[in-house]
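**Student:** Right, I'll just put the structure down here and ask away after.
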Amino acid sequence: MPPYKAGKAVVSADGRSYKLSSNETPYDPLPSVVEAIAEGARQINRYPDPAAVRLTESIAARFGVPPEHVALGAGSVTVAQQLFETIGEPGAEVIYAWRSFEAYPLLADLAGVTSVRVPLVEENHDLDAMAAAVTDRTRMIFVCNPNNPTGTSIRRAALEAFLDRVPSDVLVVLDEAYREYVRDADVPDGLELYRDRPNVCVLRTFSKAYGLAGLRVGYLVGHEPVASAVRKTIIPFAVNHLAQLAAVASLEAEAELLERVDTVVKERTRVREALIAQGWTVPPTEANFVWLRLGERTLDFAAACAVEGVAVRPFAGEGARISIGTPEANDAFLKAAADFRA
Ligand code: PMP
């Protein structure tokens with residue numbers, strides 16, 4: 001099996017380093033969140049609350065869903081793994097778009113589930129082809145909205161029509177890791193779509209907009225049978241004490257965090273427009289990254305960015321995903337992109 005490749009930092013000859021390879025927030029943690037962690041450090045001789053009651057209730061209250069519909073994991077990738085464990089049986093199939101989040105094929109392989117990859121069309125999900133790919137062995141479909149790594153998103157009418165076509169015994173997972181960055185009002189909120197659809201659930205994370213990538217907290221919102229299956233498949237105590245406290249503190253400081261998201265969204269517009277002005281084709285993005293289809297030039301492009309101290313996420317032979325960072329980091333990236341075209 002190929003290992004999961006995480007984004008790595010690079011350093012320019014003059015010592016600059018901008019990590020735009022993992023879609024993290026470029027901001028330092030909020031003082032109130034750091035304080036909550038420092039305070040919680042006094043109890044780390046004890047196991048965490050296995051049911052993470054306070055965090056579960058905070059999420060439920062924040063999003064107006066019953067606590068029974070919320071299930072946690074050590075990052076949303078772990079929640080996805082718990083879903084794979086739940087449906088994993090010989091012959092089971094999972095459908096997802098490709099290219100999409102790299103963990104889907106890895107988790108499918110680990111669970112012994114057969115991957116059915118449906119190629120993107122114009123860098124976006126081909127929902128017709130995905131619906132047509134359903135067989136009597138299909139157990140689960142991942143829809144990554146906005147899609148990692150292309151940033152493209154699915155509109156309300158298209159997604160609703162798709163959900164109406166999927167058989168009710170197939171679980172549809174709306175992976176909304178980048179939901180907080182969506183500004184197009186026509187991109188539906190999965191938390192509205194799941195309510196009347198027992199076979200639809202939503203994955204969210206504290207790793208991106210909430211800035212807790214290093215602590216590993218993600219969650220699912222879904223109907224009781226789905227949420228309880230995820231709760232049963234979690235490794236006991238997987239969401240640690242500090243992660244639980246930091247996630248609660250982040251929800252309490254949400255207004256401040258979402259202001260930062262607004263700044264990233266403004267930078268996203270600036271970066272995309274600057275790239276287009278340089279002559280690049282850049283798919284519209286509702287996430288905190290942009291996608292450049294570079295084909296055979298992908299690794300050369302990543303190397304050119306590294307000269308400026310910019311780490312991007314290359315997918316050899318396909319393209320590169322570049323996270324939106326601080327204005328300074330984005331400028332360094334734009335310079336590398338301009339030099340590469342010249
Ligand atoms: N889903 C998508 C689409 C992602 O891009 C990521 C992170 N790269 C995840 C899930 C997992 O994030 P985490 O495990 O940090 O919550």
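**Student:** Return the residues of the range 294-328 that are under 21 Å from PHE101 (Cβ atoms) and either among the basic types (Lys, Arg) or assigned to a strand (DSSP E or B) (or both); say none if nothing qualifies.
**Tutor:** Scanning the range 294-328 gives ALA311, ARG313, PRO314, PHE315, GLY319, ALA320, ARG321, ILE322, SER323.
**Student:** Considering the range 2-28 alone, what residues qualify as being in a loop (DSSP other than H, G, I, E, B) and buried (at least 18 other Cβ atoms within 10 Å of the Cβ)?
**Tutor:** VAL10, LEU20, SER21, ASN23, GLU24, THR25, PRO26
**Student:** Of everything in the range 226-263, what is farther than 23 Å from GLY40 by Cβ and among the β-branched types (Val, Ile, Thr)? Give them in sequence order.
**Tutor:** Correct list: VAL226, VAL230, THR233, VAL261, THR263.
**Student:** Hey, another quick one. Please go through the range 241-280 and pick out each residue that is in contact with a Lys or Arg (Cβ under 7 Å, 6 or more places away or on another chain) and surrounded by fewer than 23 Cβ atoms within 10 Å (Cβ to Cβ).
**Tutor:** Result: VAL248, LEU251, VAL265, GLN278, GLY279.
**Student:** Would you confirm whether or not the range 77-99 contains a residue that is at positive phi and either in contact with a helix residue (DSSP H, G or I) (Cβ under 9 Å, 6 or more places away or on another chain) or in contact (Cβ under 8 Å) with a residue 24 or more places away in the chain (or both)?
**Tutor:** yes
**Student:** Looking at GLU93, GLU24 in this structure, which one is under 30 Å from ASP126 (Cβ atoms), more than 15 Å from the ligand (Cβ to nearest atom) and not polar (S, T, N, Q)?
**Tutor:** GLU93
**Student:** Please go through the range 237-271 and pick out each residue that is over 20 Å from the mean Cα position of the chain (by Cα), over 14 Å from PHE206 (Cα atoms) and assigned to a helix (DSSP H, G or I).
**Tutor:** Selection gives HIS241, ALA255, GLU256, ARG270, VAL271.
**Student:** Right, next: Considering only residues of the range 96-112 that are away from the ligand (no atom under 12 Å from the Cβ) and part of a helix (DSSP H, G or I), which is nearest to the chain's Cα centre (by Cα)?
**Tutor:** PRO105
**Student:** Still on this model: Could you list, in sequence order, all residues of the range 41-77 that are under 16 Å from PRO225 (Cα atoms) and either in contact with a Cys (Cβ under 7 Å, 6 or more places away or on another chain) or part of a loop (DSSP other than H, G, I, E, B) (or both)?
**Tutor:** If the condition is that a residue be under 16 Å from PRO225 (Cα atoms) and either in contact with a Cys (Cβ under 7 Å, 6 or more places away or on another chain) or part of a loop (DSSP other than H, G, I, E, B) (or both), then VAL65, PRO66 are the ones that fit.
Values quoted throughout were computed directly from the atomic coordinates according to the rules given, and no laboratory measurement underlies them. From a predicted model like this one, the values you see are computed outputs, not experimental measurements. Ideal geometry is used to build each Cβ from the backbone, glycine not excepted, and the neighbour counts take in all protein chains shown.
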